[in-house]
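> Can you keep this structure in mind? I'll have questions shortly.
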Amino acid sequence: LLPLLVLSLGFVAGRVVAADANVLSAADKAAGWKLLFDGKSFDGWKASESKGAFTVEGGCIVTFSDAKKAVAEGLKRSHLYYVGPVANANFKNFELSLDIRALAKGNSGVYFHTEYQESGWPNKGYEVQVNNTHKDPKKGAGLYSIKDNFEAPAKDGEWYTMVIKVQGKRVQTFVNGRQIVDYTEEAKPERPEAMKGRLISSGAFAIQGHDPESKVMFRNIKVRVLP
């Protein structure tokens, strides 16, 4: 009886978690959190280039959900920009929280202080890397090519929560509550030509679809504006 009870409770708990995805709790609302993704559609989001690189499945934003289909359709790199009503899609000081699940060799990224552009890697803003086992040695939650992390922060196939906090010139990233990056932008930061837009300013968020073999899922995307 006990094993059956445990299994039953586990099933119920699983259903509760699924039902609670992309929904703010009373405590979240009281703390000032706002949802950026409704779990059902791309309302408030706009994709660049290969727009078919992103799908909404099972309450998640998915990058390249079917690699073979993506290759057959000629889909390549793409970015999904937040253009919705929260803060008029212009964030300066904030906490951004996302639940992420990357499959093997998955590569993605989360940009902040960026702005929509129709093609190319975003020129403006910082990229927070999403990568556990992709061949790129720069792993998840690092500030790409600015303050890199070379140790995978999570395992492929497992959900984890990544938080990006920006206040003033300070950027912090966390995975499941563990700090990965603590970086303060210098007064006159030196940037190579390809990274000259990597500066603290203000702007939108964007999710990266890196390549057809990079399947990554995002849910519970929420933000809290800070003073």
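> Tell me, what HN-Hα J-couplings in whole Hz come from the Karplus equation 6.51 cos²θ - 1.76 cosθ + 1.60 at θ = phi - 60° for each residue of segment 102-116, using x for Gly and Pro?
9, 8, 3, 6, x, 9, 7, x, 10, 8, 9, 6, 10, 8, 4
> Could you state the accessible area per residue of segment 79-191 in Å², with a 1.4 Å probe and every protein chain left in place?
Values: 4990 Å² over 113 residues.
In whole numbers, segment 79-191 has 44 Å² accessible per residue.
> Taking GluC sites (Glu not before Pro) as exposed when DSSP calls them loop (any state but H, G, I, E, B) and at most 16 other Cβ atoms lie within 10 Å, what is the longest stretch of the chain free of them, the sites themselves excluded? Display every interim value, and only then the final one.
Values: sites that count: E49, E73, E118, E151, E158, E186, E190, E213.
The longest uninterrupted stretch comes out as 1-48.
> Cut-off under 19 Å on the C-alpha distance; same-chain residues fewer than 8 positions from K124 excluded. Which lysines are left, in chain and number order?
Reachable lysines: K46, K92, K147, K165, K169, K188, K196.
> Per residue, how much space in cubic angstrom lies within the convex hull of the C-alpha atoms of segment 79-227? Mind showing how you got there, number by number?
Details: hull volume 15.8 nm³, N = 149.
In segment 79-227, the Cα convex hull volume per residue is 106 Å³.
> Nearest 10 degrees is fine. How inclined is helix 2-20 to the longest principal axis of the chain, computing both from alpha carbons?
40
> So how much accessible area does V175 have, in Å² to the nearest 10, using a 1.4 Å probe?
Surface accessible to solvent at V175 totals approximately 10 Å².
> Going by the alpha-carbon gyration tensor, a ≥ b ≥ c the square roots of its eigenvalues, is segment 39-161 rounded (a/c under 1.5) or, if a/c is not under 1.5, prolate (a/b greater than b/c) versus oblate? Present the calculation step by step, with values, prior to reporting the outcome.
Working: a/c = 1.37, a/b = 1.04, b/c = 1.31.
In terms of gyration-tensor shape, rounded.
> With every protein chain present, what accessible area does S50 have (1.4 Å probe, heavy atoms only), rounded to the nearest 10 Å²?
20
> Right, something else. Just to check I understand the Karplus step: with θ = phi - 60° and J = 6.51 cos²θ - 1.76 cosθ + 1.60, what whole-Hz values come out for segment 168-181, glycine and proline as x?
x, 9, 9, 10, 10, 10, 9, 10, 6, x, 8, 6, 9, 10
> With the full set of protein chains in place, find how many percent of the accessible area of segment 10-129 is carbon and sulfur; take the probe as 1.4 Å. Mind dumping the intermediate values first?
On the way: 3120 of 5630 Å².
C and S fraction of accessible area: 55 percent.
> Run the 1.4 Å probe and let me know the accessible area of T161, rounded to the nearest 10 Å².
50
The values are calculated or read from the model by the stated rules, or taken from the named source; none is laboratory data. None of these values were measured; they are calculated from a predicted model. A quick note on method: Cβ atoms are made from the backbone with ideal geometry, for glycine too, and the neighbour counts reach across all protein chains shown. In case anyone asks, the SASA skips ligands and DNA or RNA and just uses the protein heavy atoms, side chains included. Shrake-Rupley method; radii C 1.70, N 1.55, O 1.52, S 1.80 Å.
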